[in-house]
Amino acid sequence: MTLVICTVAFAFVLLQSAVLAKVTLKLGHIRAEDHPTHKAALYFKKLVEESSGGNIEVKVYPNSQLGGPKEMFSQLQIGALEMVYGGINTFAWIKGGEAFEITAIPFLYKSYEDMKRVLTSDVFKPITEKAEKDTKIKVLNINGDTPPRGLTTKDRPVWEAADFKGLKIRTAASPTVMGAMKKLGALPQQVPFSELYMALKTGVVDAQENGSIVVKTNSLYEVQRYYMKTDYIRDIETFYVSMQTWDKLSEVDKKILSEASEKAGDYETKLTQEEIESSMDFLATKMRIIIPNNKSIRLALEGVFEPMFEGVKWPKGLLQKVRDMQK
């Protein structure tokens, strides 16, 4: 009888130790400490630690302390890093995640809500599952608005697709962006961001494509007259987890992370949209705000991206499915 009691007591101690075993998760991101992403990451930390009763500790590393997106993804793949909070666009930068290049197609998504609805739909479910298997990275939650890119010009506004013709525009060095601008008749130029203000002031380029927050904080409104609210490239901050880490977590812990990521992503969205609204209010006192006909631009770009990426980056027919989901 004594032996049975001791055995039961020992089993209880082992079970209690297992339950109380502390889990530490390092979470990295590339944003500054005053950015909504970092504030959302800290909120995620708070929610997880509270919900787990302190059993799960989250250590947040902002400002690329653990490397850029590709470096952090590599760490996730080998289990050297547990979590990343970063754009879904960047998932396309690593082998196995190429299909997510479709998230960076210019003028494709009408709004943050539309983009999120597409990426969390049944259409995208097999794409995400395959990417998780191929990359060994769990896509925990696609949630958290980021500032979309707009367009500014100095001498003439852009109302529709035809107005891009002949526009010398500084763009990101991206094949999708370059291809889109060339198709629209613009003349895309590569200028380092540190030189952009002077390039706009001296007429090296006529236009540029950053969002309202960047235009405000870098005083680009001083050398540009029009702000076109194209919101033409969007991204969504995404919680990624190393599959090695995910597979070791209990179902209770997985639920805690999932629920916290949803609330934290919603918090980021709120903060981001407040910043966008504030920056647009400011720019309205400095520039003329234009709401262009994005539909005409989308129509002008149909057929541009299929030869480059269809059946190569993503499955054939996926781009049209995404377009159809937003009609």
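Some points to look at:
- Figure legend: label point modelled 7 angstrom from the Cα of Ser194 along Cα→Cβ; residues of the stretch 219-246 with amide N under 18 Å from it are 219.
- DSSP beta bridges in the stretch 139-267 [antiparallel fraction, %, rounded to 5]: 65
- At 1.002 mPa s and 20 °C, Stokes D of the stretch 80-142 from Kirkwood alpha-carbon radius, µm² per second: 174
- Peptide packing: for 229-242, 102-115, the average count of neighbouring Cβ atoms within 10 Å per residue gives the ranking 229-242, 102-115, highest mean first.
- Under Karplus coefficients 6.51, -1.76 and 1.60, residue-wise ³J(HN,Hα) of the stretch 312-322 in Hz, glycine/proline x: 10, 7, 10, x, 4, x, 5, 4, 5, 4, 5
- Bridge type composition, the chain - antiparallel percent by DSSP, nearest 5: 50
- Globularity index of the stretch 61-179 is 1.25 (Cα radius of gyration / 2.2 N^0.38 Å, N = number of residues).
- Tilt relative to the chain, helix 125-135 - C-alpha long axis, 0 to 90 degrees, to 10: 70
- For q = 0.18 Å⁻¹, Debye-computed log10 I/I(0) when each Cα of the stretch 178-327 counts as one equal scatterer: -1.21
- For the chain, the longest principal axis of the alpha carbon atoms and the long axis of helix 69-78 meet at an angle near 20°.
- Kirkwood Rh and Cα Rg combined as Rg/Rh, the chain: 1.06
- Long-range amide H partners of Gly211 with built H, under 5 Å: Gly150
- The coefficient of translational diffusion for the stretch 131-231, derived via Stokes-Einstein from the alpha carbon Kirkwood radius under 25 °C and 0.890 mPa s, stands at 166 µm²/s.
- Contact order normalised by residue count of the chain, Cα under 8 Å, 6+ apart, percent: 24
- With only the Cα atoms considered, the stretch 111-167 has a convex hull volume of 152 Å³ per residue.
- Within the chain, helix-based [θ] at 222 nm, where runs of 4 or more DSSP H residues each add -39,500 (n - 2.57), nearest 500: -13500 deg cm²/dmol
- Cα-centre dipole for the chain with unit charges at Cβ (Lys and Arg positive, Asp and Glu negative), debye to 20: 720
- Nonlocal amide H pairs with Ser64, under 5 Å, H built at 1.01 Å: His29, Ile30, Arg31
- Table column - 3J(HN,Hα) (Hz), the stretch 92-105, Karplus curve with 6.51, -1.76, 1.60, x for Gly and Pro: 6, 7, 10, 4, x, x, 4, 4, 7, 4, 5, 6, 9, 5
- Put in order of Cβ neighbour count within 10 Å, fewest first, the listed residues Met280, Met325, Met83 become Met325, Met280, Met83.
- Dividing the radius of gyration of the alpha carbons in the stretch 169-214 by their Kirkwood radius gives 0.96 for Rg/Rh.
- In this structure the amide hydrogen of Thr230, modeled in the peptide plane, comes within under 5 Å of the amide hydrogens of Leu151, none closer than 5 places in sequence on its chain.
Values quoted throughout were computed directly from the atomic coordinates according to the rules given, and no laboratory measurement underlies them. Everything numeric here is computed off the predicted structure, so don't read it as measured data. Positions of Cβ are generated from backbone atoms using ideal geometry, with glycine treated the same way; all protein chains shown enter the neighbour counts.
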